[in-house]
Amino acid sequence: MHKGKNIQMNKKIALIISFVLLALFGFVAVSVQLNFSWIDRLDTFGNQLFRLNISEQASIVLERVSNITSNVRVFVAAFIVGIILLWRKRWLILTWFVISIGLIGGFVPQGLKILFGRPRPTDGLFTRAGNSFPSGSTMGALAVYGLLIIFAIVYLKKGWKKALVITIATGITLFIGWSRIHLGFHYLSDVLASLLLGIGLLIIAWLVLKRVVNYEKNKTELDILYFKQMD
């Protein structure tokens, strides 16, 4: 009884956290769209903090490493996870995974880029065409590595394995976010908004996965009971 109440309470807390993060994203998004002065100060601070004074050659190497761990290449990890789920015939979880990664890493950020139409920085080490807000690379990393963290939380039993996956995935995601600012592809507000939106959506995806897992578990138990009765 107490366990059920704790689960319901945890779900409510997760939903509240998700709502707060999404509301904060909305606040940042409106501030960007209306050109509030605090956004300019935030982005200036971000440039001073994250644009490190390193050589041009080192920045070129960083740009290549950043590209390897982001954009289209980041979906190699998603493809591998999808193949594993397909091989294990986890159809519902595969459907959840495809929808989650498609929305968080693709349709949502690209749609918002079109909606806001914020130009990219022009004073960075590199220049790139397209819109800046939010950071598609950061949200793409959140989609892949964030979903891997969710898998680790749900399926891995040993604490050190969970900690290892969470640490590596979080490190890669933050590295990608930082690199986009250092290289001049994005403002700090772009990356911050992406983190707020991406984590808020990941919490919802986690709650949905828990329902899917419980449904599969209950269905399996019912199937076993049915076949026992048939015997």
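Residues in segment 112-123: is at least one β-branched (V, I, T) and at pLDDT 90 or above? Yes, segment 112-123 contains a residue that is β-branched (V, I, T) and at pLDDT 90 or above.
The set of residues in segment 66-106 that are modelled with pLDDT under 70 and of a type in the set (V, I, T) comprises I68, T69, V72, V74. Just to be sure, is L49 closer than 19 Å to A152 by Cα, modelled with pLDDT under 90 and in a helix (DSSP H, G or I)? Considered against the rule, which asks whether it is closer than 19 Å to A152 by Cα, modelled with pLDDT under 90 and in a helix (DSSP H, G or I), L49 comes out as no. Only a single criterion out of (1) crowded, with 20+ Cβ neighbours inside 10 Å; (2) over 30 Å from V212 (Cα atoms) is not satisfied by P109, namely (2).
Hey, can you tell me all the residues within segment 148-164 that are among the aromatic types (F, W, Y) and farther than 22 Å from V76 by Cβ? Reasoning before the result, please.
Step one: filter segment 148-164 for residues among the aromatic types (F, W, Y), giving 151, 155, 160.
Matches in segment 148-164: W160 only.
Would you confirm, using the coordinates I've provided, whether L156 is at pLDDT below 90, surrounded by fewer than 16 Cβ atoms within 10 Å (Cβ to Cβ) and closer than 27 Å to I93 by Cα? Here the answer is yes, as L156 does meet what is asked.
The values are calculated or read from the model by the stated rules, or taken from the named source; none is laboratory data. As the structure is a computational prediction, the values presented were derived from the model and not from experiment. Heads up, the Cβs are rebuilt from the backbone with ideal geometry, glycines too, and the neighbour counts pull from every protein chain shown.
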